[in-house]
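Shown next, in structure tokens, is the structure this report addresses.
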Amino acid sequence: MLFNQKRAKKDKNRRKMTREETEAFYNSPRWRRKQKAILRRDHYQCQLCKRYGRISEASIVHHKLELAEYPELAMDDDNLVSVCRKCHNKLHDEKGAKAQQKRRYKHEDRYSGERIS
Ligand SMILES: [Zn+2]
Ligand SMILES: [Zn+2]
């Protein structure tokens, strides 16, 4: 909901979550449960593809407002959206941070169960 996003944006000086904290979050049972609930809510369809009239299977639950910056929205349904891998990559590329492109997104790896060998 917009209300949450506005409220979150106001408060800019909070401390960010550390890498360890976000990893712990993505490993937590409550996040796994939440992911499943969100995918079910979105009918396992990528919500971005859907906007363009395409149907793709969603495998990733993405935080619209980044987890590290907005930990209070970590479990907020309105901040979570099911997306496919392609759209997910795009979402993170759009932010443009080169450092971000290099690391892999934990929430992506966790759910899909795909392993890089
Ligand atoms: Zn998509
Ligand atoms: Zn994401």
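Once the Cβ-Cβ distance of Arg33 and Lys90 is raised to the sixth power relative to R0 = 41 Å, the FRET efficiency obtained is 0.95.
Amide H to amide H, with H built 1.01 Å from N, Val81 comes under 5 Å of His62, Lys64, counting only residues 5 or more places away or on other chains.
Rule-based calculations on the coordinates, nothing more; no lab input. Not measured: the values here are computed from a predicted model. Cβ: placed from backbone, ideal geometry, glycine included. Neighbour counts: every protein chain shown.
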